[in-house]
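**Q** I am attaching a structure below and will ask some questions about it afterwards.
The values are calculated or read from the model by the stated rules, or taken from the named source; none is laboratory data. The shown structure was predicted, so the numbers you read here are calculated from the model rather than taken from an experiment. Every residue, glycine among them, receives a Cβ derived from its backbone with ideal geometry; neighbour counts consider all protein chains shown.
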Amino acid sequence: MRFSYVFASLIYSVLLIPQLYGQNTKLLNADYVQWYKENAELSYTSPGGEIGAPSKYLINGKLTTNYMILGTDKFPVAFSVIPDFTVRVRNERSAGVRTPSFKLGGVFYVRLARTSGQFRFMTLGYTHHSNGQDGDAINPDGTTNTYNGNFSTNYLTLKYHFSKTIPGGTTKNLFILSHSTGLEWHKWFSYERALEHSYGFTRLLYNFSLRKYSDGKENWRLNSESSYAINPMSGYHLGALKKRLNAEISFHYALPFMNNVFLMAATGYYGEDPYNIYYQDKYAYLRLGLSSGFLRQKK
């Protein structure tokens, strides 16, 4: 019921938007579809995976994309279906994956600004997250079953995205700083009951991205992602950073001969490992490899 109310409110707002924006509406709508895709999460491949994790890995990878089901210059709204597959190949005799992380969801986008150079838009997303296992999530001794333990949750994500052009750029070189802030909420939907009192069901979100474009091509981007769990957790007060905080900063650089791919270096801290049933792990890490997404190229 609450989700239906939020969704209906967004639709009502959207119906008013075309009346507020003038004759450039079609051009703006087309530009924003590109911004929606550029601001999506990146895929990556990382030999060695998260260096510093309690488990050792041979290679980790994340594969995600945006199926832009609705993305036309006729409307100031868009909708995409987003699959997200993350796997960690363990450094052991069988080189097994064990519990792959699978996410599938959809995102509804609403344009809020009259300009495309400095964008403003809202997103409302729904995501299912599971690991394809059916074993008990908790072992008989009370520890978490990371071998074949079931993990599943479903959540809403509401975000506000905005950007600005950095002064000092030229017609050849352009710098854009973008931000997003929002809330992730799980408790309205089904989830593995073993997560109760020990999982971040309600998270505050903040991301920023600084990007450089030369002659229309994206050369590099500096990303930062952070989230903080604010729901009650057994044994952890609201200020317990070691459990509640997830944060990462990453740099992605495209060599001149590269097309739609970056060299990637990332470092961060997981108070709650986002890799499904491994959520109890807490550690600092380093990740190196290649990343890719919907990047602008020279025309």
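**Q** What about Leu156, is it surrounded by fewer than 17 Cβ atoms within 10 Å (Cβ to Cβ) and among the aliphatic types (A, V, I, L, M)?
**A** Details: surrounded by fewer than 17 Cβ atoms within 10 Å (Cβ to Cβ): no; among the aliphatic types (A, V, I, L, M): yes.
Considered against the rule, which asks whether it is surrounded by fewer than 17 Cβ atoms within 10 Å (Cβ to Cβ) and among the aliphatic types (A, V, I, L, M), Leu156 comes out as no.
**Q** Looking at the range 69-100 only, could you name the residues that are among the polar types (S, T, N, Q) and either exposed (fewer than 14 other Cβ atoms within 10 Å of the Cβ) or modelled with pLDDT under 95 (or both)? Step through it out loud before you land on a result.
**A** First, the residues of the range 69-100 that are among the polar types (S, T, N, Q): 72, 80, 86, 91, 94, 99.
If the condition is that a residue be among the polar types (S, T, N, Q) and either exposed (fewer than 14 other Cβ atoms within 10 Å of the Cβ) or modelled with pLDDT under 95 (or both), then Thr72, Asn91, Ser94, Thr99 are the ones that fit.
**Q** Given the structure, is Thr127 surrounded by 18 or more Cβ atoms within 10 Å (Cβ to Cβ) and within 30 Å of Phe162 (Cβ to Cβ)? So that I can check it myself, show each step before the final result.
**A** Values: surrounded by 18 or more Cβ atoms within 10 Å (Cβ to Cβ): yes; within 30 Å of Phe162 (Cβ to Cβ): yes.
Taking the combined requirement at face value, the residue satisfies it.
**Q** Tell me which residues, restricted to the range 159-174, are outside any loop (DSSP other than H, G, I, E, B) and surrounded by fewer than 17 Cβ atoms within 10 Å (Cβ to Cβ).
**A** Going through the range 159-174, the residues outside any loop (DSSP other than H, G, I, E, B) turn out to be 159-165, 173-174.
Matches in the range 159-174: Tyr160, Phe162, Lys164, Thr165, Asn173.
**Q** Inside the range 67-104, can you point out the residues that are under 30 Å from Lys26 (Cα atoms) and among the aromatic types (Phe, Trp, Tyr)?
**A** The answer is Tyr67, Phe75, Phe79.
**Q** Name the residues in the range 132-169 that are in contact (Cβ under 8 Å) with a residue 60 or more places away in the chain and not small (Gly, Ala, Ser), would you?
**A** Answer for the range 132-169, where residues must be in contact (Cβ under 8 Å) with a residue 60 or more places away in the chain and not small (Gly, Ala, Ser): Gln133, Thr144, Asn145, Thr146, Asn150, Phe151, Leu156, Leu158, His161.
**Q** What number goes with the only condition from (1) under 21 Å from the mean Cα position of the chain (by Cα); (2) of a type in the set (Ser, Thr, Tyr); (3) closer than 30 Å to Gly216 by Cβ that Thr153 does not pass?
**A** Of everything listed in (1) under 21 Å from the mean Cα position of the chain (by Cα); (2) of a type in the set (Ser, Thr, Tyr); (3) closer than 30 Å to Gly216 by Cβ, Thr153 misses just condition (3).
**Q** Find the residue count for the range 26-42, including only residues that are in a helix (DSSP H, G or I) and aliphatic (A, V, I, L, M).
**A** Residues of the range 26-42 that are in a helix (DSSP H, G or I), as a first pass: 26-38.
From what's left, aliphatic (A, V, I, L, M): 27-28, 30, 33.
Of the residues in that region, 4 qualify.
**Q** While we're here: So, in the range 282-299, how many residues would count as being modelled with pLDDT of 95 or more and touching an Asp or Glu at 6+ places or on another chain (Cβ under 6 Å)? Spell out how you get there, then give the answer.
**A** Taking the range 282-299 and keeping what is modelled with pLDDT of 95 or more, we get 282-292.
Those still in the list that are touching an Asp or Glu at 6+ places or on another chain (Cβ under 6 Å) too: 285, 287.
Matching residues across the range 282-299 total 2.
**Q** Pick out the one residue from Arg221, Arg244, Arg287 that is touching a strand residue (DSSP E or B) at 6+ places or on another chain (Cβ under 9 Å) and closer than 29 Å to Tyr32 by Cα.
**A** Residue meeting the stated conditions: Arg221.
**Q** Among the candidates Phe162, Phe151, which residue alone is over 30 Å from Val33 (Cβ atoms) and in contact with a His (Cβ under 8 Å, 6 or more places away or on another chain)?
**A** Working: Phe162 fails: over 30 Å from Val33 (Cβ atoms).
It is Phe151.
**Q** Starting from the range 172-195, keep only residues that are at pLDDT below 90, then list their pairs with residues that are basic (Lys, Arg) whose Cβ atoms are within a distance under 9 Å, requiring at least 6 positions of separation or different chains.
**A** Pairs that qualify, where the first residue is at pLDDT below 90 and the partner is basic (Lys, Arg), are Asn173/Lys212; Leu174/Arg211; Leu174/Lys212.
**Q** To continue, here is another question. Please verify whether Tyr109 is closer than 22 Å to Arg211 by Cβ, modelled with pLDDT of 90 or more and buried (at least 16 other Cβ atoms within 10 Å of the Cβ), treating the condition exactly as stated. Walk me through how you get there before you give the answer.
**A** Values: closer than 22 Å to Arg211 by Cβ: yes; modelled with pLDDT of 90 or more: yes; buried (at least 16 other Cβ atoms within 10 Å of the Cβ): yes.
In short, yes.
**Q** Here are some residues: Phe102, Phe108, Phe119, Phe151. Which one is among the aromatic types (Phe, Trp, Tyr) and in contact with a Pro (Cβ under 9 Å, 6 or more places away or on another chain)?
**A** Unique residue meeting the criteria: Phe102.
**Q** Same structure again: So is Leu104 of a type in the set (A, V, I, L, M) and modelled with pLDDT under 95 or not?
**A** Working: of a type in the set (A, V, I, L, M): yes; modelled with pLDDT under 95: no.
Here the answer is no, as Leu104 does not meet what is asked.
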